[in-house]
């Protein structure tokens with residue numbers, strides 16, 4: 001979309017407002033507007049410190065490290081191009097990483113170009129999806145972090161997980 005397109009839309013809106021009329025636009029124009037908005041929202045929307053694009057990137061990198069740490073601690077973590085029902089993640093171009101923490105299953109999807117960041121076993125099908133919502137997964141992560149903090153506070157920082165440790 002160009003500035004000329006934007007100015008044309010503003011003029012159209014102004015004329016329609018004056019006449020108290022609705023504005024109709026072509027499907028192609030609507031598609032261009034949607035594409036431009038999507039691009040803007042994906043790259044420029046910010047919390048005042050970081051764009052959403054930066055935050056998603058940080059989340060992915062933190063999750064890649066967490067997945068490797070969980071796997072090293074004996075917690076099952078896998079990645080797959082498919083959901084547990086056998087369907088390609090979002091029709092293709094995406095994969096899912098699923099971890100089965102002591103507090104329950106958590107999972108996230110990532111674009112295909114990030115596959116190699118996740119140093120976990122690849123499987124044809126991940127564990128059966130337990131129906132968790134993002135809020136439930138966040139609560140499971142919160143409880144796992146709290147349990148880990150309690151364990152390490154109680155027994156000091158350790159490399160080898162001990163009996164009863166969340167890392168076991």
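The values are calculated or read from the model by the stated rules, or taken from the named source; none is laboratory data. All values derive from a computational prediction rather than experimental measurement. When we count neighbours, we look across all protein chains shown, and the Cβ atoms used for this are built from the backbone with ideal geometry, even at glycine.
When you look at residue 16, is it surrounded by 14 or more Cβ atoms within 10 Å (Cβ to Cβ) and either modelled with pLDDT of 80 or more or over 30 Å from residue 144 (Cα atoms) (or both), yes or no? Before the answer, list the steps.
Details: surrounded by 14 or more Cβ atoms within 10 Å (Cβ to Cβ): no; either modelled with pLDDT of 80 or more or over 30 Å from residue 144 (Cα atoms) (or both): yes.
Taking the combined requirement at face value, the residue does not satisfy it.
Quick one: in the range 45-67, which of the residues that are outside any loop (DSSP other than H, G, I, E, B) and either more than 17 Å from the chain's Cα centre (by Cα) or more than 21 Å from residue 96 (Cβ to Cβ) (or both) is modelled with the highest pLDDT? If you could, list the steps in order and put the result at the bottom.
Here is the first cut: in the range 45-67, the residues outside any loop (DSSP other than H, G, I, E, B) are 46, 51-67.
Next cut, either more than 17 Å from the chain's Cα centre (by Cα) or more than 21 Å from residue 96 (Cβ to Cβ) (or both) only: 46, 51, 54.
On the way: 46: 70, 51: 82, 54: 87.
If we take residues in the range 45-67 being outside any loop (DSSP other than H, G, I, E, B) and either more than 17 Å from the chain's Cα centre (by Cα) or more than 21 Å from residue 96 (Cβ to Cβ) (or both), then 54 is modelled with the highest pLDDT.
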Next on the checklist: So, in the range 73-108, exactly how many residues are in contact with a helix residue (DSSP H, G or I) (Cβ under 9 Å, 6 or more places away or on another chain) and at positive phi?
Outcome noted: 3
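Given the options 100, 133, 51, name the one that is closer than 24 Å to residue 148 by Cα and without any contact (Cβ under 8 Å) to a residue 12 or more places away in the chain. Before you say what the answer is, go through the steps one by one.
On the way: 100 fails: without any contact (Cβ under 8 Å) to a residue 12 or more places away in the chain; 51 fails: closer than 24 Å to residue 148 by Cα.
Of the residues listed, the single one that is closer than 24 Å to residue 148 by Cα and without any contact (Cβ under 8 Å) to a residue 12 or more places away in the chain is 133.
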Checklist entry - Which condition number does residue 11 fail, the rest of (1) assigned to a helix (DSSP H, G or I); (2) touching a helix residue (DSSP H, G or I) at 6+ places or on another chain (Cβ under 7 Å) being met? => result (2)
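Can residue 119 be described as part of a strand (DSSP E or B) and modelled with pLDDT of 95 or more? Spell out the reasoning first.
Working: part of a strand (DSSP E or B): no; modelled with pLDDT of 95 or more: yes.
Judged against the criteria, residue 119 is not a match.
Can you name every residue in the range 68-79 that is part of a strand (DSSP E or B) and either surrounded by fewer than 17 Cβ atoms within 10 Å (Cβ to Cβ) or under 15 Å from the mean Cα position of the chain (by Cα) (or both)?
The answer is 79, and nothing else.
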Checklist entry - Which one of 129, 110 is modelled with pLDDT of 90 or more, surrounded by 15 or more Cβ atoms within 10 Å (Cβ to Cβ) and assigned by TED's automatic domain parsing to the domain that holds residue 61? => result 110
